[in-house]
Amino acid sequence: GNSVTQMEGPVTLSEEAFLTINCTYTATGYPSLFWYVQYPGEGLQLLLKATKADDKGSNKGFEATYRKETTSFHLEKGSVQVSDSAVYFCAPNSHSGSNYKLTFGKGTLLTVNP
Amino acid sequence: DAGVTQSPTHLIKTRGQQVTLRCSPKSGHDTVSWYQQALGQGPQFIFQYYEEEERQRGNFPDRFSGHQFPNYSSELNVNALLLGDSALYLCASSGTSGIDTGELFFGEGSRLTVL
């Protein structure tokens, strides 16, 4: 099955700093790739996605590019805000026949200080 | 448009007891997946239901069982609770396009504590 290696946290940054959270995965075939975010006290929300090689997913200033050659999907943001403080999860999907599921990394806790 | 709703939000049980968690999917969604999220960990896939049948299952023992109803809502049952079952249980729903890509909509979860 799929597996995900995600950058260990916690990550603490000052407001307006540059963010990178590394994610590499192993998978059979060509999965779709996702970043989910979990804000304090809330459920997981889809942040962005990419469905094929070289696709760039983007949302709320965050970006990640599907790199098939390095099996990576690193999350970046040029200038973080306090409101970005959350746990971030990288997740490739996998399928068995027509059935799909997500495999999540352990998550990276990001704290942004004013 | 209501999103994914789960109940109860919190509950406390003792070892050996049984628990039932409930989930209503987002309007228009017909597939429900359940995940277990231990403290400080990522969600782990338990199983997925579609058309009232279990379509696929993760590496969880038979103590974990589920059901999907004709209105697409779902239940997760855990028997003979162990201390290690303490976790946040997340329900996620998806529609036809979500099935193809794995895009899921999550509820806020049910926090289970086993004493």
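Test of understanding: among A:Ser58, A:Ser85, which residue is more than 10 Å from chain B (Cβ to nearest Cβ) and without any contact (Cβ under 8 Å) to a residue 12 or more places away in the chain?
The unique qualifying residue is A:Ser58.
Somewhere in region B:67-86, is a residue in contact with a Lys or Arg (Cβ under 9 Å, 6 or more places away or on another chain) and closer than 26 Å to A:Ala50 by Cα?
No; the residues of region B:67-86 include none that is in contact with a Lys or Arg (Cβ under 9 Å, 6 or more places away or on another chain) and closer than 26 Å to A:Ala50 by Cα.
Look at A:Leu48 and say whether it is more than 27 Å from B:Tyr89 (Cα to Cα), aliphatic (A, V, I, L, M) and buried (at least 17 other Cβ atoms within 10 Å of the Cβ).
no
Please go through region A:44-55 and pick out each residue that is at the interface with chain B (Cβ under 10 Å from one of its Cβ atoms) and touching a residue at least 24 places away in the same chain (Cβ under 8 Å).
Within region A:44-55, A:Leu44 is the sole residue that qualifies.
So which residues in region A:13-29 are aromatic (Phe, Trp, Tyr) and either within 12 Å of A:Asn2 (Cβ to Cβ) or free of Cβ contacts under 8 Å to residues at least 24 places away in the same chain (or both)?
Answer for region A:13-29, where residues must be aromatic (Phe, Trp, Tyr) and either within 12 Å of A:Asn2 (Cβ to Cβ) or free of Cβ contacts under 8 Å to residues at least 24 places away in the same chain (or both): just A:Tyr25.
Can you pull out every residue in region B:68-84 that is surrounded by 16 or more Cβ atoms within 10 Å (Cβ to Cβ) and free of Cβ contacts under 8 Å to residues at least 40 places away in the same chain?
Result: B:Gln68, single match.
From the residues in region A:30-43 that are in contact (Cβ under 8 Å) with a residue 12 or more places away in the chain and in a loop (DSSP other than H, G, I, E, B), which one is surrounded by the fewest Cβ atoms within 10 Å (Cβ to Cβ)?
Among them, the one singled out is A:Pro40.
Suppose we filter A:Glu16, A:Glu76 for residues that are modelled with pLDDT of 90 or more, in a loop (DSSP other than H, G, I, E, B), among the acidic types (Asp, Glu) and more than 16 Å from B:Gln41 (Cα to Cα); which single one remains?
The match here is A:Glu16.
Across region A:44-61, what is the total count of residues that are assigned to a loop (DSSP other than H, G, I, E, B) and hydrophobic (A, V, I, L, M, F, W, C)?
Qualifying residue count for the region: 1.
For region A:62-69, does any single residue satisfy the condition of being more than 8 Å from chain B (Cβ to nearest Cβ), in contact with a Lys or Arg (Cβ under 7 Å, 6 or more places away or on another chain), part of a loop (DSSP other than H, G, I, E, B) and surrounded by 14 or more Cβ atoms within 10 Å (Cβ to Cβ)?
yes
The values are calculated or read from the model by the stated rules, or taken from the named source; none is laboratory data. Since the structure is predicted, the reported quantities are computational estimates derived from the model, not experimental observations. Note that we place each Cβ from the backbone using ideal geometry, even for glycine, and neighbour counts take in every protein chain shown.
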